[in-house]
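All remarks here apply to the structure that follows.
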Amino acid sequence: MHVGVDSFVAAVTDPTTGRRIGPEERMAHLLEEIALADRVGLYSFGIGEHHRPEYYDSAPPVILGAAAARTERIRLGSAVTVLSAADPVRVFQQFATLDLISRGRVDLVVGRGSFVEAFPLFGLDLADYDELFEEKLDLLLRLRESERVTWSGRHRSALRGQGVYPRPLQDPLPVWVGVGGTPQSFVRAGLLGLPLMVAIIGGEPRRFGPLVDLYRQAGAQAGHAPERLQVGLHVFGFVAESTEAAADTIYPGWHEMFASISRERGFAPPTRAQFDATSGPDGAFFMGDPDTVAEKLVRVSGQLGGVDRISLQMTNPRLAHEDLLRGIELLGTEVAPRVADA
(Lines give C-alpha, C1' and ligand atoms only; values in the text may rest on other atoms or scores of the structure.)
Protein backbone atom coordinates (compact mmCIF):
# COMPACT_ATOMS: atom_id res chain seq x y z
CA MET A 1 0.00 0.00 0.00
CA HIS A 2 1.30 3.45 -0.95
CA VAL A 3 0.75 6.39 1.41
CA GLY A 4 0.52 10.05 0.51
CA VAL A 5 -0.87 13.43 1.48
CA ASP A 6 -3.62 15.57 -0.04
CA SER A 7 -4.07 19.26 0.65
CA PHE A 8 -6.88 21.74 0.03
CA VAL A 9 -4.45 24.58 0.88
CA ALA A 10 -6.73 25.97 3.56
CA ALA A 11 -6.35 29.49 4.85
CA VAL A 12 -4.80 29.08 8.31
CA THR A 13 -5.00 31.05 11.55
CA ASP A 14 -2.00 30.32 13.76
CA PRO A 15 -3.45 28.59 16.84
CA THR A 16 -0.87 30.13 19.18
CA THR A 17 -0.80 33.75 18.06
CA GLY A 18 -4.20 34.10 16.38
CA ARG A 19 -2.46 35.60 13.33
CA ARG A 20 -4.03 34.91 9.97
CA ILE A 21 -1.46 33.44 7.59
CA GLY A 22 -1.57 35.37 4.32
CA PRO A 23 -1.84 33.58 0.96
CA GLU A 24 1.77 34.30 -0.04
CA GLU A 25 3.12 32.80 3.18
CA ARG A 26 0.65 29.91 3.00
CA MET A 27 1.91 29.00 -0.48
CA ALA A 28 5.50 29.06 0.77
CA HIS A 29 4.49 26.77 3.63
CA LEU A 30 2.73 24.43 1.19
CA LEU A 31 5.79 24.03 -1.00
CA GLU A 32 7.86 23.32 2.09
CA GLU A 33 5.34 20.65 3.08
CA ILE A 34 5.50 19.00 -0.36
CA ALA A 35 9.32 19.07 -0.37
CA LEU A 36 9.36 17.40 3.06
CA ALA A 37 6.90 14.73 1.89
CA ASP A 38 9.32 13.98 -0.95
CA ARG A 39 12.33 13.75 1.40
CA VAL A 40 10.66 11.42 3.90
CA GLY A 41 9.61 8.97 1.20
CA LEU A 42 5.88 9.52 0.87
CA TYR A 43 4.45 8.22 -2.39
CA SER A 44 2.26 11.11 -3.50
CA PHE A 45 1.03 14.63 -2.81
CA GLY A 46 -2.29 15.83 -4.20
CA ILE A 47 -3.77 19.33 -4.47
CA GLY A 48 -7.52 19.87 -4.42
CA GLU A 49 -9.53 22.38 -6.40
CA HIS A 50 -11.91 24.85 -4.77
CA HIS A 51 -13.22 28.28 -5.63
CA ARG A 52 -13.99 29.49 -2.12
CA PRO A 53 -12.39 32.13 0.12
CA GLU A 54 -11.17 29.64 2.73
CA TYR A 55 -8.99 27.74 0.24
CA TYR A 56 -6.09 28.81 -2.00
CA ASP A 57 -6.18 25.86 -4.43
CA SER A 58 -8.16 27.22 -7.37
CA ALA A 59 -5.24 26.56 -9.79
CA PRO A 60 -3.75 23.14 -8.92
CA PRO A 61 -1.54 22.75 -12.03
CA VAL A 62 0.29 25.98 -11.16
CA ILE A 63 0.97 24.77 -7.62
CA LEU A 64 2.00 21.32 -8.85
CA GLY A 65 4.36 22.84 -11.39
CA ALA A 66 6.14 24.73 -8.62
CA ALA A 67 6.22 21.52 -6.56
CA ALA A 68 7.65 19.51 -9.47
CA ALA A 69 10.62 21.85 -9.64
CA ARG A 70 11.32 21.33 -5.92
CA THR A 71 10.95 17.54 -5.73
CA GLU A 72 12.61 14.49 -7.22
CA ARG A 73 10.62 11.33 -6.55
CA ILE A 74 7.16 11.96 -5.14
CA ARG A 75 4.15 11.62 -7.45
CA LEU A 76 2.09 14.77 -7.86
CA GLY A 77 -1.60 14.93 -8.62
CA SER A 78 -4.96 16.59 -8.36
CA ALA A 79 -7.39 15.84 -5.55
CA VAL A 80 -9.58 16.33 -7.51
CA THR A 81 -9.73 18.29 -10.76
CA VAL A 82 -13.37 19.41 -11.13
CA LEU A 83 -13.65 18.16 -14.70
CA SER A 84 -17.36 18.99 -15.00
CA ALA A 85 -16.50 22.69 -14.84
CA ALA A 86 -13.32 22.59 -16.94
CA ASP A 87 -12.34 22.32 -20.59
CA PRO A 88 -10.87 18.82 -21.10
CA VAL A 89 -8.47 20.12 -23.76
CA ARG A 90 -6.95 22.64 -21.36
CA VAL A 91 -6.88 20.09 -18.54
CA PHE A 92 -5.02 17.62 -20.74
CA GLN A 93 -2.55 20.25 -21.93
CA GLN A 94 -1.86 21.46 -18.38
CA PHE A 95 -1.26 18.01 -16.94
CA ALA A 96 0.70 16.82 -19.98
CA THR A 97 2.98 19.82 -19.51
CA LEU A 98 3.22 19.09 -15.81
CA ASP A 99 4.09 15.48 -16.62
CA LEU A 100 7.00 16.70 -18.73
CA ILE A 101 8.22 19.10 -16.03
CA SER A 102 8.05 16.37 -13.38
CA ARG A 103 9.56 13.73 -15.68
CA GLY A 104 6.57 11.42 -15.52
CA ARG A 105 5.38 11.82 -11.93
CA VAL A 106 1.81 13.01 -12.50
CA ASP A 107 -1.59 11.49 -11.70
CA LEU A 108 -4.74 13.27 -12.86
CA VAL A 109 -7.67 12.54 -10.55
CA VAL A 110 -10.92 13.89 -12.00
CA GLY A 111 -14.31 14.24 -10.37
CA ARG A 112 -17.39 16.38 -10.01
CA GLY A 113 -16.35 18.01 -6.73
CA SER A 114 -18.16 18.24 -3.41
CA PHE A 115 -18.84 22.00 -3.71
CA VAL A 116 -20.75 23.69 -6.52
CA GLU A 117 -19.17 27.17 -6.82
CA ALA A 118 -17.29 26.26 -10.01
CA PHE A 119 -20.49 25.81 -12.02
CA PRO A 120 -21.89 29.37 -11.94
CA LEU A 121 -18.33 30.76 -11.91
CA PHE A 122 -17.65 29.22 -15.32
CA GLY A 123 -21.17 29.72 -16.73
CA LEU A 124 -22.41 26.17 -16.34
CA ASP A 125 -25.81 24.85 -15.27
CA LEU A 126 -25.74 22.74 -12.12
CA ALA A 127 -28.66 20.77 -13.54
CA ASP A 128 -26.17 19.27 -16.02
CA TYR A 129 -23.93 18.10 -13.15
CA ASP A 130 -23.58 14.45 -14.18
CA GLU A 131 -23.94 14.87 -17.94
CA LEU A 132 -21.13 17.42 -17.98
CA PHE A 133 -18.78 15.02 -16.22
CA GLU A 134 -19.62 12.03 -18.39
CA GLU A 135 -19.19 13.96 -21.63
CA LYS A 136 -15.98 15.69 -20.60
CA LEU A 137 -14.45 12.48 -19.27
CA ASP A 138 -15.14 10.87 -22.63
CA LEU A 139 -13.30 13.69 -24.41
CA LEU A 140 -10.39 13.61 -21.95
CA LEU A 141 -9.88 9.89 -22.52
CA ARG A 142 -10.03 10.39 -26.28
CA LEU A 143 -7.39 13.11 -26.01
CA ARG A 144 -4.95 10.87 -24.16
CA GLU A 145 -5.44 8.13 -26.76
CA SER A 146 -4.56 10.24 -29.77
CA GLU A 147 -3.06 13.65 -30.49
CA ARG A 148 -5.71 14.26 -33.17
CA VAL A 149 -9.34 13.80 -32.18
CA THR A 150 -12.65 14.03 -33.98
CA TRP A 151 -15.36 14.44 -31.37
CA SER A 152 -18.64 16.19 -30.72
CA GLY A 153 -20.82 16.70 -27.66
CA ARG A 154 -23.56 18.89 -26.25
CA HIS A 155 -21.54 21.06 -23.87
CA ARG A 156 -18.44 21.92 -25.90
CA SER A 157 -17.62 22.86 -29.48
CA ALA A 158 -16.67 19.91 -31.67
CA LEU A 159 -13.14 18.83 -32.54
CA ARG A 160 -12.47 17.93 -36.16
CA GLY A 161 -9.04 16.40 -36.14
CA GLN A 162 -7.13 19.22 -34.47
CA GLY A 163 -3.89 18.30 -32.74
CA VAL A 164 -3.62 18.69 -28.97
CA TYR A 165 -0.13 19.32 -27.61
CA PRO A 166 2.15 18.69 -25.84
CA ARG A 167 1.95 14.95 -25.34
CA PRO A 168 2.85 13.67 -21.85
CA LEU A 169 5.89 11.59 -20.97
CA GLN A 170 3.70 8.86 -19.49
CA ASP A 171 1.75 6.95 -22.12
CA PRO A 172 -1.04 6.92 -21.23
CA LEU A 173 -1.27 9.79 -18.76
CA PRO A 174 -2.75 8.21 -15.59
CA VAL A 175 -6.37 9.29 -15.13
CA TRP A 176 -8.17 8.31 -11.93
CA VAL A 177 -11.87 8.82 -11.24
CA GLY A 178 -12.67 10.43 -7.90
CA VAL A 179 -15.98 9.27 -6.43
CA GLY A 180 -18.10 9.79 -3.32
CA GLY A 181 -20.89 7.36 -2.52
CA THR A 182 -22.93 7.13 -5.73
CA PRO A 183 -23.11 3.54 -7.07
CA GLN A 184 -23.35 4.75 -10.67
CA SER A 185 -19.98 6.50 -10.31
CA PHE A 186 -18.31 3.28 -9.14
CA VAL A 187 -19.85 1.34 -12.03
CA ARG A 188 -18.80 3.96 -14.60
CA ALA A 189 -15.17 3.85 -13.45
CA GLY A 190 -15.20 0.06 -13.58
CA LEU A 191 -16.69 -0.12 -17.06
CA LEU A 192 -14.03 2.30 -18.31
CA GLY A 193 -11.25 0.35 -16.58
CA LEU A 194 -10.01 3.47 -14.79
CA PRO A 195 -8.43 3.45 -11.33
CA LEU A 196 -10.76 4.60 -8.58
CA MET A 197 -10.14 7.21 -5.87
CA VAL A 198 -12.78 7.00 -3.13
CA ALA A 199 -13.33 10.07 -0.98
CA ILE A 200 -14.34 8.96 2.52
CA ILE A 201 -15.33 12.02 4.50
CA GLY A 202 -17.87 10.47 6.85
CA GLY A 203 -19.45 7.24 8.00
CA GLU A 204 -17.58 3.97 8.40
CA PRO A 205 -14.99 3.13 5.72
CA ARG A 206 -15.98 -0.54 5.71
CA ARG A 207 -19.42 0.42 4.39
CA PHE A 208 -17.78 1.35 1.10
CA GLY A 209 -16.92 -2.34 0.61
CA PRO A 210 -20.03 -3.17 -1.48
CA LEU A 211 -19.41 -0.15 -3.70
CA VAL A 212 -15.78 -1.13 -4.29
CA ASP A 213 -16.99 -4.66 -5.08
CA LEU A 214 -19.45 -3.14 -7.57
CA TYR A 215 -16.56 -1.29 -9.23
CA ARG A 216 -14.48 -4.45 -9.54
CA GLN A 217 -17.42 -6.48 -10.84
CA ALA A 218 -18.22 -3.87 -13.49
CA GLY A 219 -14.58 -3.79 -14.55
CA ALA A 220 -14.36 -7.56 -14.80
CA GLN A 221 -17.60 -7.74 -16.81
CA ALA A 222 -16.16 -5.15 -19.21
CA GLY A 223 -13.10 -7.35 -19.71
CA HIS A 224 -10.54 -5.24 -17.83
CA ALA A 225 -7.62 -7.00 -16.16
CA PRO A 226 -7.67 -6.92 -12.34
CA GLU A 227 -4.38 -5.00 -12.19
CA ARG A 228 -6.02 -2.10 -14.03
CA LEU A 229 -8.73 -1.79 -11.39
CA GLN A 230 -6.71 0.01 -8.75
CA VAL A 231 -8.40 1.47 -5.68
CA GLY A 232 -7.22 4.49 -3.71
CA LEU A 233 -8.71 6.28 -0.72
CA HIS A 234 -8.80 9.99 0.07
CA VAL A 235 -9.42 10.39 3.82
CA PHE A 236 -9.06 12.98 6.55
CA GLY A 237 -6.12 12.21 8.80
CA PHE A 238 -3.31 13.40 11.01
CA VAL A 239 -0.34 11.80 12.80
CA ALA A 240 1.22 13.01 16.04
CA GLU A 241 3.44 11.61 18.79
CA SER A 242 0.37 10.33 20.63
CA THR A 243 -3.30 9.88 19.83
CA GLU A 244 -4.21 12.39 22.54
CA ALA A 245 -1.84 14.97 21.05
CA ALA A 246 -3.28 14.39 17.58
CA ALA A 247 -6.83 14.97 18.85
CA ASP A 248 -5.92 18.11 20.81
CA THR A 249 -4.06 19.52 17.81
CA ILE A 250 -6.71 18.82 15.21
CA TYR A 251 -10.02 19.31 17.00
CA PRO A 252 -10.21 23.15 17.02
CA GLY A 253 -9.74 23.39 13.26
CA TRP A 254 -11.98 20.39 12.60
CA HIS A 255 -14.76 22.05 14.57
CA GLU A 256 -14.31 25.35 12.75
CA MET A 257 -14.30 23.69 9.34
CA PHE A 258 -17.37 21.53 9.88
CA ALA A 259 -19.28 24.19 11.79
CA SER A 260 -18.98 26.41 8.72
CA ILE A 261 -20.15 23.63 6.38
CA SER A 262 -23.02 22.78 8.75
CA ARG A 263 -24.27 26.38 8.73
CA GLU A 264 -24.03 26.50 4.96
CA ARG A 265 -25.90 23.24 4.39
CA GLY A 266 -28.41 23.45 7.23
CA PHE A 267 -26.98 20.69 9.42
CA ALA A 268 -26.69 20.62 13.20
CA PRO A 269 -23.32 21.98 14.42
CA PRO A 270 -20.61 19.37 15.05
CA THR A 271 -19.77 18.16 18.55
CA ARG A 272 -16.72 16.75 20.29
CA ALA A 273 -18.55 13.43 20.60
CA GLN A 274 -18.92 13.31 16.82
CA PHE A 275 -15.25 14.11 16.42
CA ASP A 276 -14.23 11.33 18.80
CA ALA A 277 -16.49 8.83 17.03
CA THR A 278 -15.17 9.88 13.62
CA SER A 279 -11.62 9.45 14.92
CA GLY A 280 -12.29 6.04 16.50
CA PRO A 281 -11.38 2.59 15.18
CA ASP A 282 -14.38 2.40 12.82
CA GLY A 283 -14.64 6.10 11.90
CA ALA A 284 -13.66 7.92 8.73
CA PHE A 285 -10.87 10.00 10.31
CA PHE A 286 -7.40 8.36 10.29
CA MET A 287 -5.89 10.11 13.28
CA GLY A 288 -3.52 9.16 16.07
CA ASP A 289 0.01 8.03 16.82
CA PRO A 290 1.90 6.15 14.07
CA ASP A 291 0.93 2.69 15.31
CA THR A 292 -2.76 3.60 15.54
CA VAL A 293 -2.85 5.14 12.07
CA ALA A 294 -0.88 2.28 10.48
CA GLU A 295 -3.12 -0.36 12.06
CA LYS A 296 -6.22 1.42 10.81
CA LEU A 297 -4.84 1.77 7.29
CA VAL A 298 -4.16 -1.96 7.12
CA ARG A 299 -7.52 -2.86 8.65
CA VAL A 300 -9.54 -0.68 6.27
CA SER A 301 -7.59 -1.93 3.26
CA GLY A 302 -8.55 -5.45 4.23
CA GLN A 303 -12.20 -4.48 4.68
CA LEU A 304 -12.26 -3.14 1.12
CA GLY A 305 -10.55 -6.11 -0.48
CA GLY A 306 -7.17 -4.43 -0.81
CA VAL A 307 -6.27 -0.80 -1.42
CA ASP A 308 -3.38 0.36 -3.60
CA ARG A 309 -2.92 3.81 -2.06
CA ILE A 310 -4.30 6.01 0.70
CA SER A 311 -3.88 9.78 0.86
CA LEU A 312 -4.43 11.62 4.13
CA GLN A 313 -6.02 15.03 3.68
CA MET A 314 -4.48 17.15 6.44
CA THR A 315 -6.01 20.55 5.64
CA ASN A 316 -7.06 22.28 8.84
CA PRO A 317 -7.65 26.01 9.40
CA ARG A 318 -6.15 25.94 12.93
CA LEU A 319 -3.12 23.73 12.31
CA ALA A 320 0.29 25.32 12.85
CA HIS A 321 2.77 24.86 10.02
CA GLU A 322 5.28 23.21 12.37
CA ASP A 323 2.68 20.67 13.52
CA LEU A 324 1.78 19.83 9.94
CA LEU A 325 5.43 19.35 9.05
CA ARG A 326 5.84 16.98 11.98
CA GLY A 327 2.71 15.08 10.93
CA ILE A 328 4.07 14.65 7.41
CA GLU A 329 7.42 13.50 8.78
CA LEU A 330 5.79 10.88 11.02
CA LEU A 331 3.56 9.70 8.18
CA GLY A 332 6.57 9.17 5.93
CA THR A 333 9.09 7.76 8.40
CA GLU A 334 6.86 5.83 10.80
CA VAL A 335 3.52 5.00 9.15
CA ALA A 336 4.39 4.34 5.49
CA PRO A 337 7.07 1.68 6.26
CA ARG A 338 4.61 -0.19 8.50
CA VAL A 339 2.03 -0.55 5.72
CA ALA A 340 4.28 -0.88 2.66
CA ASP A 341 3.64 -4.61 2.34
CA ALA A 342 -0.06 -4.52 3.27
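The values are calculated or read from the model by the stated rules, or taken from the named source; none is laboratory data. In this text the structure is predicted, and so the values were computed from the model without any measurement. Reconstructed Cβ throughout: ideal geometry from the backbone, glycine too, with neighbour counts over all protein chains shown. Surface accessibility is based on the protein's heavy atoms, side chains included, excluding ligands, DNA and RNA. Shrake-Rupley method; radii C 1.70, N 1.55, O 1.52, S 1.80 Å.
Kindly indicate which of F133, F92, F115 is touching a residue at least 24 places away in the same chain (Cβ under 8 Å), farther than 27 Å from A69 by Cα and either touching a helix residue (DSSP H, G or I) at 6+ places or on another chain (Cβ under 8 Å) or not hydrophobic (A, V, I, L, M, F, W, C) (or both).
F133
In the range 185-224, what residues are open to solvent by 60 Å² or more (accessible area, probe 1.4 Å) and at pLDDT below 95?
I201
Working only within the range 225-248, note down all residues that are more than 18 Å from R309 (Cα to Cα) and either in contact with a helix residue (DSSP H, G or I) (Cβ under 6 Å, 6 or more places away or on another chain) or open to solvent by 50 Å² or more (accessible area, probe 1.4 Å) (or both).
A240, E241, T243, E244, D248
So R19 clears everything in (1) closer than 20 Å to E72 by Cβ; (2) open to solvent by 30 Å² or more (accessible area, probe 1.4 Å) except one condition, right? Which one?
Single failed check for R19: (1).
Are any residues in the range 251-279 of a type in the set (G, A, S) and farther than 14 Å from V239 by Cα, and if so, which ones?
G253, A259, S260, S262, G266, A268, A273, A277
With the requirement that a residue be touching a residue at least 60 places away in the same chain (Cβ under 8 Å), polar (S, T, N, Q) and either assigned to a loop (DSSP other than H, G, I, E, B) or touching a helix residue (DSSP H, G or I) at 6+ places or on another chain (Cβ under 6 Å) (or both), what does the range 256-303 give you?
Q303
Sort through D248, D323 and tell me the only one that's assigned to a helix (DSSP H, G or I), free of Cβ contacts under 8 Å to residues at least 60 places away in the same chain, out of contact with any His (no Cβ under 8 Å at 6 or more places or on another chain) and more than 30 Å from L229 (Cβ to Cβ).
D248
When the range 97-113 is examined, which residues are found to be farther than 13 Å from I47 by Cβ, in contact with a strand residue (DSSP E or B) (Cβ under 9 Å, 6 or more places away or on another chain) and among the charged types (D, E, K, R)?
D99, R105, R112
Do the conditions hold for L76, that is, is it part of a helix (DSSP H, G or I) and touching a helix residue (DSSP H, G or I) at 6+ places or on another chain (Cβ under 7 Å)?
No, not satisfied.
For G153, only one of the following conditions fails: (1) within 19 Å of A79 (Cβ to Cβ); (2) at pLDDT 95 or above; (3) surrounded by fewer than 19 Cβ atoms within 10 Å (Cβ to Cβ). What is its number?
(1)
Mind telling me which of the residues R326, R272 ends up being open to solvent by 70 Å² or more (accessible area, probe 1.4 Å), over 30 Å from E25 (Cα atoms) and over 20 Å from the mean Cα position of the chain (by Cα)?
Exactly one of R326, R272 is open to solvent by 70 Å² or more (accessible area, probe 1.4 Å), over 30 Å from E25 (Cα atoms) and over 20 Å from the mean Cα position of the chain (by Cα), namely R272.
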